[in-house]
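Below: the structure, in C-alpha cells.
Throughout, read-outs are computed from the coordinates displayed, never taken from laboratory work. Please read these numbers as outputs of a predicted model, since none were measured by experiment. Cβ coordinates were reconstructed from backbone atoms using ideal geometry, including for glycine residues, and neighbour counts include every protein chain displayed.
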Amino acid sequence: MRTVLIEPTENPKVMKFVADYNLIPGSLELDRTSDVSEIPLAQELFNYPFVERIFITANFVAVAKQDTIEWEHVAESLKNVIEDELLANPRIYLQKKKEMYQIYSEMTPNPNVMKFVSSKLLMEGFVEVKSKEAAEEVPLAAAIFNEFDFAKEIFISDNFVAVTKDHSVEWHEVMITVRALIADYLQNGGEISKIEPQKHENPVEKIINRDYTDDEQKISDILNEYVAPAVENDGGKISLMEYDESTKTAKMLLQGACSGCPSSTATLKNGIENILKQFVPDLVEKVEAVNG
C-alpha cells in the first residue's frame, strides 16, 4: 500500500500530496495542454474538471485547482486517486522495457547539448569543462574531447554527462558513438575527475555563499523544490543570483545545457517565471538570466 499525506502550501490554490519515496528523477509540470498519454496519474487527476495544473517532483505531487471549489471537499478523493495510481505505476510513467546500456541519451532544450545519463551516480556536485585545453584534470571529459573534435563543452553532474557540440555534426549522426564511449569508459573503471566537484548550493561561491534575505530564501526554496529538478533533468543548473525588490525581478544564473540555450529565455519566461508568479506573486513579477 502506498501512503500519501495531504500537505497544504502557502498558495491556497495548491495542495501537496506527499509520498513516502521519490517518484521521479527531475520534475514534471503539466497542464491541460500537456501530453499525458504515458502518465496515467495525470490522466486520472485531469478527469476532475477543477484541476488546472500538476507538478510532480521529488516525493510529492502538487495540484493547483480552480477557485470554484474548496479543498475540504476534494482533497481526500485526490489522495485516494494518487495512492491507487502509485500502486499501479510507482514511477509515474507507464512501465517500459529497460535499456540494455548503462548509459542512455536524452535531448535537452538546447539543440547543441545532449545529455548522457548513467544508471549510477558519477559525482556529488558538478564539474564544468569549457574546452579541450581545460580538461586535463577531468579524465572523462578529456576522453570525450580526444575522441570527438566536435565536442565544445562538457558538464558532468550527479548521474549525467552533458556534451555541447559544434555545428559540424548533427546529434543523430554521432549520438550512439558518444554514448558507447561514455559507457565503455565508465564500465572499464575510468576516472571521472581529479578535481573536487563544485557543490550545487554554491556554483558561484562568492555570490551564492552569502546569506539570503527572507524574500530571496522564499524564492530560492520554490526554485529548489519545483524548478531545479526539471532543469537538472535537462542537463543544466539554475541558481538565484540576485533579487531586485523594487522591480520584483529575480535574476538567475544558468549553467550546463541551459547556458547559451536558445530556448532558455523562453524557459525562464514561460516556465520559471510563471511558477514563481504563482507561488510567490507578491515577490516576483519578472525573471532574468544574468548570463544570457
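Which of rounded, prolate, oblate describes segment 104-153, given a ≥ b ≥ c as roots of the alpha-carbon gyration tensor eigenvalues and a/c under 1.5 marking rounded, otherwise prolate only if a/b is larger than b/c?
oblate
Under 10 Å, Cα contacts only: if you run a Gaussian network model on the chain, which one of S246, S37, S27 comes out with the highest mean-square fluctuation?
Of S246, S37, S27, the Gaussian network model singles out S246 as fluctuating most.
Where the centroid of each part is defined by its Cα atoms, how far is segment 24-74 from segment 149-166 in Å?
33
Have a look at N274, N22, N188 and tell me which one the Gaussian network model of the chain (Cα, springs below 10 Å) gives the largest fluctuation.
Of the options given, N188 has the highest mean-square fluctuation.
In terms of the Cα gyration tensor, with a ≥ b ≥ c the square roots of its eigenvalues, is segment 1-124 rounded because a/c is under 1.5, prolate because a/b exceeds b/c, or oblate?
Taking the square roots of the gyration eigenvalues as a ≥ b ≥ c, segment 1-124 is prolate.
Which semi-axis lengths, in whole Å and largest first, follow from the square roots of five times the eigenvalues of the Cα gyration tensor of the chain?
Working through the eigenvalues yields semi-axes of 35, 24, 16 Å.
I need the semi-axes of the equivalent ellipsoid of segment 1-56: take the C-alpha gyration tensor, multiply each eigenvalue by 5, square-root it, list largest first in whole angstrom.
So the equivalent ellipsoid measures 18, 16, 11 Å along its semi-axes.
Simple spin-label model, 7 Å along Cα-to-Cβ: A88 to D166 in nm?
Result: 5.1 nm between the two label points.
Can you tell me the relative contact order of the chain? Whole percent, Cα pairs under 8 Å, sequence separation 6 or more.
Here the relative contact order equals 16 percent.
Of the residues V169, V280, V178, which exhibits the maximal mean-square fluctuation in a Gaussian network model of the chain defined by a 10 Å Cα contact cut-off?
Answer for the Gaussian network model of the chain: V169.
Roughly how many debye, to the nearest 20, is the charge dipole of the chain about its Cα centre, given +1 on each Lys and Arg Cβ, -1 on each Asp and Glu Cβ, and no other charges?
The calculation lands at about 580 debye.
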